[in-house]
Structure formats: structure tokens, C-alpha cells
1. Residue pairs, Cβ under 6 Å, 6 or more apart or interchain, first in region 217-235 and open to solvent by less than 50 Å² (accessible area, probe 1.4 Å), second among the aliphatic types (A, V, I, L, M) and in a helix (DSSP H, G or I). List them.
2. Among the residues of region 29-38, count how many are touching a residue at least 12 places away in the same chain (Cβ under 8 Å) and either more than 11 Å from A116 (Cα to Cα) or open to solvent by 60 Å² or more (accessible area, probe 1.4 Å) (or both).
3. For region 130-145, give me each residue that is under 18 Å from P194 (Cβ atoms) and either buried (at least 16 other Cβ atoms within 10 Å of the Cβ) or touching a Pro at 6+ places or on another chain (Cβ under 8 Å) (or both).
4. Being over 27 Å from F43 (Cβ atoms) and open to solvent by 50 Å² or more (accessible area, probe 1.4 Å) is the filter here, so list the residues in region 147-182 that pass it.
5. Condition first: of a type in the set (D, E) and either over 23 Å from the mean Cα position of the chain (by Cα) or surrounded by fewer than 11 Cβ atoms within 10 Å (Cβ to Cβ) (or both). Now tell me which residues in region 39-81 satisfy that.
6. Assess whether F185 counts as being touching a residue at least 12 places away in the same chain (Cβ under 8 Å), over 30 Å from D102 (Cβ atoms), surrounded by fewer than 18 Cβ atoms within 10 Å (Cβ to Cβ) and in contact with a Ser or Thr (Cβ under 6 Å, 6 or more places away or on another chain).
Amino acid sequence: MNINHLPRYLCLYMDTSERSFSQRSFFCFLLIFLLFLCYINTFHNSWHLDDKPNILDNANIHLTSLSPEHIWKCLHTPYGNQGINRPLARLTLALNWFIGKDNVTGYHIVNLLIHATTSCILFLTLLTLFQTPRLQNKYSKNQYFFISALATLFWSLNPVHTQAVTYIVQRMTTIAAFFTIVSIFFYLKGRTAPLSKKQTIFFLCSALSFLLALLSKENAIILPFLLITFELLFF
């Protein structure tokens, strides 16, 4: 088969919106399956380095009940001896402790689910990027689907993510990445939507996602600079 025809064969059923949805769903399912195969052998990896002071030895996130008092304490107490406050990431770790205590499997499964969901959102974000003025008429549907799918595969399966996914306490990094990409997705949806109430909702969702990213890890502060870059390159 001629490799130049690969996008056409890969996206054979993209002529209608219903088929496009099926194609996107199939790709996301395939992506999650591949990530599961890549990381299944890490589900029993033990605690390492900062995992111990931040989770095992941090009584503040050892959630024993879902009462508002316990959750509030979990959200407002820094990790270990550090003065860094990352309440959203801490809450997810506390919920893991509430369900499975110090059983590492549950933490690894959640980490992988976060990374897999982020990868799917990235795929949708890349598809939306092709609706921007600079790219809108440059590629066919088949071509931009293929490009988006290939870029997502390269990103999600890249070994550079291994530490963030398998190192339990680095969940704060993957959650921040998740909400950062979600924020970009909603921003692009807002910028490519016609002027309406829907556009306002998209921008509000983008701002909320940015806030949640900051509550996960401080490096999400780069998001406004990313959006400026998107404006310069694609609008």
C-alpha cells in the first residue's frame, strides 16, 4: 500500500459528523489500550523518594472520612515539610488513601487514567487547532485527522512521561498538564466559535481549567504565554 494513501485509508469513514465521532472514539479507545499495555507492568512499583514524606508519612492526607472537616484539613496543609500548597493534587492522593491506604496499585491506576485522559483531550485539541484561520483550509479532514492522531501518539507514548506517570507523587504534574490542555482546548473552541453565549461559556471553562491547573502545580502559570503563542501563530 502506498504510504501517501494512508491518511485516506485511516479516515475512510469521516464524511459525516456521525462517522467522524465514531472515528475519534475509536482512536481514543485504541490510544488508551496502547497506554495500558505500556504501563501495566508498573502497577506494583513501590514507593520512592518524595512519595514517603508526601504520602506515607503525611498524616494530613490520610483521609479516614469524607467529612467536610477532614477534606478541608487535607486541602490546606502543605506536603511534608514543604511550604508548597497544591490542594487539588493533594485531594486526589487523599482520596486514593481513603480507598486503598498504602496499596500502590490504586495510585498507579489513577496516574495512568489521568495521563490517558490528557492524551485524548490533546487529540481533540489538535483537531480543533485545524479550525483556526491559519490552518482551516490548508488540509483536508483526512489529513488533519491523521496528523492529529500521529502527534498524539508520539506525545502520549513518549518515554519522557514515564517518570510523571509511574512516580506516584508526580501526579501533581500530570494533573496540571491535564487542566492546562483542557484550558487550551476550551480557549480554541471559544476562538473558533461564532460570537454567542456558547463562546462565553468556552472562555469561562478555559479560565476555570487554568485555575484548577494552578491548584495542582505552579508551573501551569505558563498557560497565558502559551495562549499568546497560539494567537500569534494561528490567528
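The values are calculated or read from the model by the stated rules, or taken from the named source; none is laboratory data. Please read all numbers here as calculations on a predicted model, not as lab measurements. Virtual Cβ from ideal backbone geometry, glycine too; neighbours counted across all protein chains shown. Note: accessible area is taken over every heavy atom of the protein model, side chains too, but ligands, DNA and RNA are not part of it. Shrake-Rupley method; radii C 1.70, N 1.55, O 1.52, S 1.80 Å.
1. Filtered contacts from region 217-235: K217/M172; K217/A176; A220/A176; A220/A213; A220/L214.
2. The qualifying residues number 3.
3. The answer is F130, T132.
4. I147, L150
5. The answer is D57, E69.
6. Working: touching a residue at least 12 places away in the same chain (Cβ under 8 Å): yes; over 30 Å from D102 (Cβ atoms): yes; surrounded by fewer than 18 Cβ atoms within 10 Å (Cβ to Cβ): no; in contact with a Ser or Thr (Cβ under 6 Å, 6 or more places away or on another chain): yes.
No.
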